[in-house]
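Peer 1: Below is one structure. I have some questions about it.
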Amino acid sequence: MRKLQIFLVTFLLCLILTACGDSDEPSRRASRDDDSEASDADTEEKAGEKATKPPLPTNTPKPKPTNTPKPSAHYFGNRSVQYEEENSWHQVFFSFSVTEDGELIRQDAVIHISITNDDGVQVYKGDHSVTDKDYSMWNSAFRGTQLLGCIYIRDSEITQGTKSSGVLTISAELKDGSYWTEERLQISDLPVRPLQITIPQAPVTLKEYDYNGKTAQKMEITDISYEVSDWGTLTVSFTVKLLENKNGKSSSDYCYFGYKLKNSAGVIIDSGTCYVGPMAVGEAMKQEAYMGSDLDRSESYTLEFYDYK
């Protein structure tokens, strides 16, 4: 009887233990399922978070700066001309600005220049393309320091004429079609055609006669040369040496001789008397004389010396 009781107790305990094992398994499976769902949720959350992150910064090159176009000029001024004898050229000045009283600027342009002398003959015409390099700071007592354009016109570029003065006209044109009409400026020191004058061949021996028609003095003229001014005035240089004097070698007297200036037709343009001294026999003196004015450079002339009576 006692063995039966032990068996029953053992059997009941087995049943109880079996029942407890079955109830724990679903619990453990559920726990694993929960863990799997949590892991999937984390993965989705991380995937969503990665998609919404901004892109990493890259070294994108900055756009290159563009050159701002220069403002176009509306005013063309400060036009003047001057001659520089040292370099034998004329300098033509001008300026551009956007506003009437505004800052002066460097403006690309075409400058049209012509020169007509006082005989009405055009001796120069040129079109000059100017860029930045043609502008510099120039100083003058009247205007102070300014940014000016400058064009150089050499004497060799100007046709030799008969007058040294005239009128220079200047105008300007831009690429956009803007245009400034001609401005007239007085110009001087224009190259002129050499005056053709035939002078006596030295030495020239001349005599001065007294009232009785007798030789009072005898002289020799050498070193004859001439210059012609821009206004056509003839200046003749020469040296006179006294060879004889009726009053004796020690007497100091003036020497007289005559001259004539003739054109190509033989017409006398000027005439007169030259006197030199006083000086004694054997002495010499250099002299200058004006022999004609406003001479025509298109003409040719002949200078003659003659005895004084």
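Peer 1: Which condition does Leu185 not pass, out of (1) in contact with a strand residue (DSSP E or B) (Cβ under 9 Å, 6 or more places away or on another chain); (2) modelled with pLDDT under 95, if it passes all the others?
Peer 2: (2)
Peer 1: Also, I was wondering about something else. So for segment 229-237 (the condition being of a type in the set (Phe, Trp, Tyr) and surrounded by 14 or more Cβ atoms within 10 Å (Cβ to Cβ)), does at least one residue qualify?
Peer 2: Checked segment 229-237: no residue is of a type in the set (Phe, Trp, Tyr) and surrounded by 14 or more Cβ atoms within 10 Å (Cβ to Cβ).
Peer 1: Separate question: All but one of (1) under 51 Å from the mean Cα position of the chain (by Cα); (2) part of a loop (DSSP other than H, G, I, E, B) hold for Asn247; state the number of the condition that does not hold.
Peer 2: Result: Asn247 passes all but (1).
Peer 1: Yes or no: Gly266 crowded, with 18+ Cβ neighbours inside 10 Å and either among the aliphatic types (A, V, I, L, M) or under 25 Å from Thr162 (Cβ atoms) (or both)?
Peer 2: Numbers: crowded, with 18+ Cβ neighbours inside 10 Å: no; either among the aliphatic types (A, V, I, L, M) or under 25 Å from Thr162 (Cβ atoms) (or both): yes.
Spelling it out, it is not the case that Gly266 is crowded, with 18+ Cβ neighbours inside 10 Å and either among the aliphatic types (A, V, I, L, M) or under 25 Å from Thr162 (Cβ atoms) (or both).
Peer 1: For the list (1) under 30 Å from Ser229 (Cα atoms); (2) at pLDDT below 95; (3) not in a loop (DSSP other than H, G, I, E, B), I need the number of the one condition that Lys163 fails.
Peer 2: Failed condition: (3).
Okay, residues lined up against (1) aromatic (Phe, Trp, Tyr); (2) outside any loop (DSSP other than H, G, I, E, B); (3) over 48 Å from the mean Cα position of the chain (by Cα):
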| position | (1), (2), (3) |
| --- | --- |
| Leu261 | no, yes, no |
| Gly266 | no, no, yes |
| Ile269 | no, yes, no |
| Cys274 | no, yes, yes |
| Pro278 | no, yes, yes |
| Tyr301 | yes, yes, no |
| Glu304 | no, yes, yes |
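Peer 1: Can I ask one more? Could you check segment 290-299 and list, in sequence order, the residues that are assigned to a loop (DSSP other than H, G, I, E, B) and of a type outside the set (D, E, K, R)?
Peer 2: Filtering segment 290-299 for residues assigned to a loop (DSSP other than H, G, I, E, B) gives 291-299.
Passing the criteria: Met291, Gly292, Ser293, Leu295, Ser298.
One line per residue, one yes/no per condition, for (1) modelled with pLDDT under 95; (2) of a type in the set (Lys, Arg):
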{"site": "Phe142", "(1), (2)": "yes, no"}
{"site": "Leu147", "(1), (2)": "no, no"}
{"site": "Arg154", "(1), (2)": "no, yes"}
{"site": "Val167", "(1), (2)": "no, no"}
{"site": "Ala172", "(1), (2)": "no, no"}
{"site": "Thr205", "(1), (2)": "no, no"}
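Peer 1: Regarding Val123, is this residue surrounded by 10 or more Cβ atoms within 10 Å (Cβ to Cβ) and at pLDDT 95 or above?
Peer 2: Taking the combined requirement at face value, the residue satisfies it.
The values are calculated or read from the model by the stated rules, or taken from the named source; none is laboratory data. Computed from a predicted model, the values in this text were never measured in an experiment. All Cβ positions, glycine included, derive from the backbone under ideal geometry; neighbour counts span all protein chains shown.
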